[in-house]
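Presented below is the structure to which this report refers.
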Amino acid sequence: MSIIQFRGVSKHFDELRVLDEVDLSIEQGEVVVLIGPSGSGKSTLLRCINGLEQITGGDLRVDDISVLAGNARLREIRQEAGMVFQQFNLFPQLTALQNVAFGPRHVRGKSRREAEEIGLELLDKVGLKERAHHYPAELSGGQQQRVAIARALAVRPKVMLFDEPTSALDPELKQEVLNVMRNLAEEGMTMVVVTHEMAFARQVGSRLIFMEHGKIAVDGDPCEMLCNPTNPRLKDFLRHVH
Ligand code: ADP
Ligand code: MG
């Protein structure tokens, strides 16, 4: 059974068709990198996986739960699919530790102490244990994004979704976030990553998908697609991101 399964999935915003009958199966342990021009539907595809957007056609299952199965099941899906956004989205009035402990405490129903233990363990994993009691405003962008990754992991998701996680960061801060993601991939986490970091796609991705106009235009091996692109529009796209 695939951990994520799109069957003929469409998404419309009124007249605008943003996903066009997408078929896509993602297996446990895959690291799928999504690329494509702005407006091609990458963020929408990610957001449909954890129910931030509702699909308007077809069926989409996460760990065999349909995103159309109702609110209780949707909450399960949100716990199984953690999301990391371009703009970090930390709670500004909570410390790093409180941000990370929030999910275990309020979503998983852990005691305060257990939630803090999980929080510290995950801050340690992203190299920020010594920043546990700092507020987001006291952290660099790269540190905030690492806290955001720890926060998503704290709910023990089966899949991690990343929407341009390094696009808001200065070049020298991107690498510390990419390294955390690379470690996660090496541990076997299933990941779907929208990014313009082609070195990451080539080195860490197990699969690369090029989207265009709400459709999957090319789906294949990252090295082959990046070194020998045959699709002319992919070729053109790569000329612009390099
Ligand atoms: P990408 O992430 O590839 O840049 P998006 O998934 O964000 O693309 O957007 C795809 C298209 O859907 C764009 O044309 C965008 O303007 C449109 N879109 C995205 N979200 C909404 C929304 N909430 N309402 C209306 N249109 C939207
Ligand atoms: Mg986007």
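Tabulated values for the structure
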{"item": "Binned Cα-Cα distances of the chain, short to long, each 10 Å bin given as a whole percent", "result": "8, 31, 35, 20, 5, 0"}
{"item": "Where only C-alpha atoms are counted, convex hull volume of the stretch 1-121 per residue in Å³", "result": "141 Å³"}
{"item": "Estimated vicinal HN-Hα couplings, Hz - the stretch 85-95 in sequence order (Karplus 6.51, -1.76, 1.60; Gly, Pro = x)", "result": "9, 4, 9, 6, 6, 6, 6, x, 8, 10, 5"}
{"item": "If the convex hull is drawn through the Cα atoms of the stretch 47-88, its volume per residue in Å³", "result": "73 Å³"}
{"item": "Alpha carbon convex hull of the stretch 61-201, projected area averaged over orientations, nm²", "result": "8.6 nm²"}
{"item": "18 Å tail of the calculated P(r), the stretch 64-113, as % of Cα pairs", "result": "45 percent"}
{"item": "Pair Asn71, Cys227: separation of 7 Å Cα→Cβ label points (nm)", "result": "5.2 nm"}
{"item": "The chain, helix-only ellipticity at 222 nm - DSSP H runs n ≥ 4, -39,500 (n - 2.57), divided by all residues, nearest 500", "result": "-11500 deg cm²/dmol"}
{"item": "Cα-derived Rg over Rh, computed across the stretch 128-224 with Rh taken as Kirkwood radius", "result": "1.00"}
{"item": "The stretch 145-242: GluC sites (Glu not before Pro) in DSSP coil with no more than 11 other Cβ atoms inside 10 Å", "result": "Glu187"}
{"item": "Within the stretch 169-242, trypsin sites (Lys or Arg not before Pro) in DSSP loop having at most 14 other beta-carbon neighbours inside 10 Å", "result": "none"}
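Since every read-out is calculated from the coordinates, none of them should be taken as a lab result. Because the structure is a prediction, the values reported are computed rather than measured. Positions of Cβ are backbone-derived with ideal geometry, glycine not excepted, and every protein chain shown enters the neighbour counts.
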